[in-house]
Amino acid sequence: MRPIDDTPLARDGKVLILAYDHGLEHGPVDFTDVPESANPEHVFDVATHPAVTSLAVQKGIAEAYYPSYEDDVNLLAKLNGTSNLWMGEYDSAVNWSVEYAKEVGAEAIGYTLYGGSNHEIEMAEEFRDVQEAAREHDMPVVMWAYPRGQGVKNDTKSDVIAYAARQALELGADVAKVKYPGSQDAMEHVVEMAARTKVIMSGGSKQSDREFLTTVKDAMDAGAAGLAVGRNVFQRENPTQILDGLEQVIFEEATVDEALEAADA
């Protein structure tokens, strides 16, 4: 396991990834509420906030926009991803290599694994190659650990999410990005199962400031190392405001009320 504390992926051992792979995974629908969020420059500008430890994007976005932001943004290369137009069993195409991501300037690697899919075996074998190549280049690896597919009846069950975190550990991920399992106790179990693999919470769909910060606070109190968030930041008219609040909760161990006050300042 590669410690992330001494890498650009983390700040003081904590992680806040701004995820912006939604254009491929979800399509234009995720940009409807805030049309400027469809412009990658807008989100790269948001990612310069000091709370953001890295920005996760696909290859084309990285090639086109990262060179203008390399001094201000840490790049996480999201290696695989598939459009929402795909209607088959859950799978995710590998769209660029670790070696090329390193050339582009990435300092960390992200990879989705759908445990329970009929394609799990192939995805795990692809992850083996990704993980070992990342080790050669001294790059931490974040697994988007999402149980989905024919073998999964309910991907929101805490035991299923804990299994995903354990799978990330067993396969060699440094960080497991998982859905919040619904309670602080359940999140503690997920963190326990991940052992030395750090657990970060997936931001999910947009919520109110208080509801979102409360969930993040519960996850942090349960031992999570941070958050990977997309829509709960870039779907807001003022993304800086919620990032100010997240900085307080994740890095300053503030209460939700203190975070809301800081965000409104």
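Observations on the structure shown:
- Taking θ as phi - 60° and the Karplus parameters 6.51, -1.76 and 1.60, the scalar couplings of the range 63-76 work out to 4, 7, 10, 4, x, 7, 10, 4, 7, 10, 9, 8, 8, 10 Hz in sequence order, x denoting glycine and proline.
- The calculated 222 nm mean residue ellipticity attributable to helices in the chain amounts to -11500 deg cm²/dmol, summing -39500 (n - 2.57) over DSSP H runs of n ≥ 4 and dividing by all residues.
- Computing FRET efficiency as 1/(1 + (r/R0)^6) for Asp221 and Lys157, where r is the C-beta to C-beta distance and R0 is 22 Å, gives about 0.55.
- Share, in percent, of DSSP beta bridges within the chain that are antiparallel, nearest 5: 5
- Amide H contacts of Trp144 (H built 1.01 Å from N, under 5 Å, at least 5 apart or other chain): Tyr111, Thr112, Leu113, Lys177
- Residue-wise HN-Hα couplings along the range 135-147, as the Karplus relation 6.51 cos²θ - 1.76 cosθ + 1.60 with θ = phi - 60° gives them from phi, are 4, 4, 9, 6, 10, x, 10, 10, 9, 6, 8, 10, x Hz; Gly and Pro carry x.
- A Förster distance of 30 Å, applied to the separation of the beta-carbon atoms of Arg135 and Ala195, puts the FRET efficiency at 0.95.
- Distances between placed amide hydrogens fall under 5 Å for Val15 paired with Gly226, Leu227, all partners being 5 or more residues away or on another chain.
- Here the chain is treated with +1 on each Lys and Arg Cβ and -1 on each Asp and Glu Cβ, and its dipole about the Cα centre works out to around 720 debye.
- Kirkwood Rh and Cα Rg combined as Rg/Rh, the range 129-174: 1.08
- Values of log10 I(q)/I(0), in the order q = 0.15 Å⁻¹, for the chain under a Debye, Cα-only, solvent-free model: -1.08
- Whole-angstrom gap from the range 186-217 to the range 1-73, using each part's C-alpha centre: 19
- The range 36-45 - phi-based ³J(HN,Hα) in whole Hz, Karplus 6.51/-1.76/1.60, Gly and Pro as x: 5, 5, 6, 8, x, 4, 4, 6, 4, 4
- Rel. contact order, % - alpha carbon contacts under 8 angstrom, at least six apart, the chain: 18
- If a spin label sat at a point 7 angstrom from the Cα of Glu253 along the line to its beta carbon, no backbone N atom of the range 165-201 would be nearer than 17 Å.
- Tensor-based shape of the range 1-99 (alpha-carbon gyration tensor, a/c under 1.5 rounded, otherwise prolate or oblate): oblate
- Taking amide hydrogens as placed 1.01 Å from N in the peptide plane, the amide H of Ala108 sits under 5 Å from those of Ala77, each at least 5 positions away in sequence or on another chain.
- Among Tyr111, Tyr65, Tyr146: highest mean-square fluctuation, GNM of the chain, C-alpha pairs under 10 Å: Tyr65
- Shown for the chain: lysine pairs separated by 8 or more places, or found on different chains, whose C-alpha atoms are under 21 Å apart, numbering 27.
- Counting charges near Phe251 (Lys, Arg +1; Asp, Glu -1) among other residues having Cβ under 12 Å from its Cβ returns a value of -3.
All of the numbers you see were taken from the coordinates with simple rules; none came from a lab. Note that this is a predicted model, so its numbers are computed, not measured. Note: ideal-geometry Cβ built from the backbone for every residue, glycine included; neighbour counts use all protein chains shown.
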